[in-house]
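Sharing a structure below in structure tokens format, with a few things to ask.
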Amino acid sequence: MQKLQLTLAIIKPHAVSNPVVLSFIRNILKNKFIVVKTKRVNLDTETACRFYQEHVGKFFYNRLTTFMASGCIDLHVLGHVNAIHLWRKILGPTSVYKGQFQDPYCLRGMFGISDTRNVAHGSDSEDSAEREIKFFFPEFSFYHWRLDDEEWFR
Ligand code: RTP
Ligand code: MG
């Protein structure tokens, strides 16, 4: 049995508000992952600050949390045997500038505007994915999802 790994993808406000970019991203999600859950929200700054708690004190914390509360974001729980790595590979490096040189076809390289407006977020480990999915989808049952894993690969 192959275990289905889950990750949280967050499409940032500037990408959600651009129909061309959004439809490009949605096609990737649909073709490469099992899209388990999707929700569009407009965060308040306090919630954005709680979500990005690990970055408190860093120089980009205020601009990141303010930006994430500046418009709608799309939240996606994505499933794939290698979901965390695959989504982060598709995203590319945090730095848009690096992305443009290292992998011009990564999402951040193609559609990133700055290191804050870098298109999307991806969980960086299984622990982060579980914490982040629970943060936005408190009702989500990992237990039942795991029991169903095998079904997807028959
Ligand atoms: P993410 O969490 O968004 O998937 O991005 P990441 O793992 O590649 O990067 P991380 O270090 O977790 O940073 C979270 C978000 O903070 C902004 N950031 N700006 N040098 C900078 O200006 C800088 N470093 C980080 C980015 O928007 C990044 O997505
Ligand atoms: Mg990160």
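The values are calculated or read from the model by the stated rules, or taken from the named source; none is laboratory data. Note that the structure is a prediction, hence the values are computed from the model and not measured. Neighbour counts are summed over all protein chains in view; Cβ atoms, including those assigned to glycine, are modelled from backbone coordinates with ideal geometry.
Which of the residues spanning segment 113-143 are assigned to a loop (DSSP other than H, G, I, E, B), more than 9 Å from ligand 1 (Cβ to nearest atom) and free of Cβ contacts under 8 Å to residues at least 60 places away in the same chain? Reasoning before the result, please.
Residues of segment 113-143 that are assigned to a loop (DSSP other than H, G, I, E, B), as a first pass: 113-119, 123-125, 137-141.
After this cut, where a residue has to be more than 9 Å from ligand 1 (Cβ to nearest atom) as well, the list is 113, 125, 137-141.
Passing the criteria: 125, 138, 139, 141.
Something else about it: With the requirement that a residue be closer than 18 Å to residue 39 by Cα, in a loop (DSSP other than H, G, I, E, B) and either touching a residue at least 60 places away in the same chain (Cβ under 8 Å) or among the hydroxyl-bearing types (Ser, Thr, Tyr) (or both), what does segment 62-87 give you?
70
If you take the residues in segment 100-124 that are within 12 Å of the chain's Cα centre (by Cα) and polar (S, T, N, Q), which one is nearest to ligand 2 (Cβ to nearest atom)?
Once the filter is applied, the top-ranked residue is 123.
So, one more: Can we say residue 43 is assigned to a helix (DSSP H, G or I) and either without any contact (Cβ under 8 Å) to a residue 60 or more places away in the chain or exposed (fewer than 13 other Cβ atoms within 10 Å of the Cβ) (or both)? Step through it out loud before you land on a result.
On the way: assigned to a helix (DSSP H, G or I): no; either without any contact (Cβ under 8 Å) to a residue 60 or more places away in the chain or exposed (fewer than 13 other Cβ atoms within 10 Å of the Cβ) (or both): yes.
Spelling it out, it is not the case that residue 43 is assigned to a helix (DSSP H, G or I) and either without any contact (Cβ under 8 Å) to a residue 60 or more places away in the chain or exposed (fewer than 13 other Cβ atoms within 10 Å of the Cβ) (or both).
So, one more: Just to be sure before I move on: is residue 77 more than 20 Å from residue 60 (Cβ to Cβ), hydrophobic (A, V, I, L, M, F, W, C) and at pLDDT 95 or above in the structure I sent? Can you show your working first?
Numbers: more than 20 Å from residue 60 (Cβ to Cβ): yes; hydrophobic (A, V, I, L, M, F, W, C): yes; at pLDDT 95 or above: yes.
Criteria met by residue 77.
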